[in-house]
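Written below as structure tokens is the structure these notes are about.
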Amino acid sequence: MQRPVVIGLILLIVGNLFSAFYDVSIKWLPEDANAATFLLVRQITSVLMLTPIWLYSQRPQTEHISVHLWRANIGSVGALFLIIGLMALPLATVSSLFYSAPLMIILMGYWFLKERITTGQVICTLLGFVGILIILRPSEMNWFGLAVLFSAFTFAVNQLTLKKVPNTEHPVLTLMLYNLLGIPATLVIAAFQGLEGLSWELLAVALLSNAFLLIYHWFCVLAYRRAQASDIAIAEYTGLLFIVFLGWLLFDEWLDSLSWLGAALIVLPSLFLPWIGIWVAKSPKVMDNLQVKSLGIDAAVESEPKP
């Protein structure tokens, strides 16, 4: 496995630990909290927290404001839907739904960015999707579950859109614009719903969750700039382990035996993927077969019109 891919995987796994902390912090919101109000407070405090770092970094600027504007607005809507889901559903259910995002990343990376996907990646994503269905189960599906799925889709779009931002652009600028440019849309939603639930407790949770989320986004920016999305997106699944552990430790939530099977299908294939790649590289017959399949995939990509 190439060094940039290894570094990208490590960065993404560490980032997912802080993403799990963010999910946990939402559970600490007061009962009268409003999702849009909380998101607005979190975005404003995020900009305030990032401003000193931006100034220390000699005020970096961007020439891709339209890309950042797109990411900020779709990210605001997705974040709102995720908060709604976290406030209504158990952590494990939300996480299992949200981890459909890596599958979306790989598929959209193939269709829109023309990234090549290997047979191992296809197998891992299919097994992960089956694992998500096992954990979800039809009885758990409701409007809150659909909200989380939509949030996962917006997350996948935003991660792929990072490819449109050059590596020379400072990560702190990406994070600041992601929150700053999303404030108008969130303000409109909050004004429509009513600015309810403002309190010192909500502000404290916003600051805490904001720190976790900023660290997570920072690691995502670094990870997806080092390697192509389809090579490292599978590492997003490891965050499910963090969520299960924290849910058990803090909220006495635990997975049953069937859910553990689903979690294994999600996590284990991604952990064994590097060894599968080494075994394939050492096996000439398998390598020849994969090369034939890869040529078929590449030919299919070239035959389709560009979006």
Any residue in the range 230-241 that is open to solvent by 10 Å² or more (accessible area, probe 1.4 Å), assigned to a helix (DSSP H, G or I) and either at pLDDT 80 or above or more than 15 Å from G8 (Cβ to Cβ) (or both)?
-> yes
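Let's see how each residue does on (1) free of Cβ contacts under 8 Å to residues at least 12 places away in the same chain; (2) open to solvent by less than 30 Å² (accessible area, probe 1.4 Å); (3) under 18 Å from the mean Cα position of the chain (by Cα):
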position	(1), (2), (3)
F21	no, no, yes
K27	no, no, no
P30	no, yes, no
M49	no, no, no
Q58	yes, no, no
W70	no, no, yes
Tally, over the range 195-217, of residues that are touching a residue at least 24 places away in the same chain (Cβ under 8 Å) and part of a helix (DSSP H, G or I) = 16
Residues (within 30 Å of I123 (Cα to Cα) and among the polar types (S, T, N, Q)) located in the range 189-246 = Q228, S230, T238
With the checklist (1) assigned to a helix (DSSP H, G or I); (2) under 22 Å from E169 (Cα atoms); (3) charged (D, E, K, R) in hand, flag the one item D23 doesn't pass.
-> (2)
For the range 87-98, state whether one or more residues are surrounded by fewer than 16 Cβ atoms within 10 Å (Cβ to Cβ), out of contact with any strand residue (DSSP E or B) (no Cβ under 9 Å at 6 or more places or on another chain) and of a type in the set (S, T, Y).
-> no
Note: among L222, L268, just one is of a type outside the set (G, A, S), surrounded by 14 or more Cβ atoms within 10 Å (Cβ to Cβ) and at pLDDT 80 or above, namely L222
L39 passes all but one of the listed conditions (1) modelled with pLDDT under 90; (2) open to solvent by less than 20 Å² (accessible area, probe 1.4 Å); (3) under 18 Å from the mean Cα position of the chain (by Cα); the exception is number (1)
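If you scan the range 160-188, which residues turn out to be modelled with pLDDT of 90 or more, open to solvent by less than 70 Å² (accessible area, probe 1.4 Å) and of a type outside the set (F, W, Y)?
Taking the range 160-188 as the starting set, the residues that turn out to be modelled with pLDDT of 90 or more are 173, 176-188.
When the remaining residues are screened for being open to solvent by less than 70 Å² (accessible area, probe 1.4 Å), the result is 173, 176-179, 181-183, 185-186.
Correct list: L173, M176, L177, N179, L181, G182, I183, A185, T186.
The values are calculated or read from the model by the stated rules, or taken from the named source; none is laboratory data. Just so it is clear, the model here is predicted, and its values are computed rather than measured. No Cβ is skipped: glycine too gets one built from the backbone with ideal geometry, and neighbour counts run over all protein chains shown. Please note that ligands, DNA and RNA were not included when accessible areas were found on the heavy atoms of the full protein model with its side chains. Shrake-Rupley method; radii C 1.70, N 1.55, O 1.52, S 1.80 Å.
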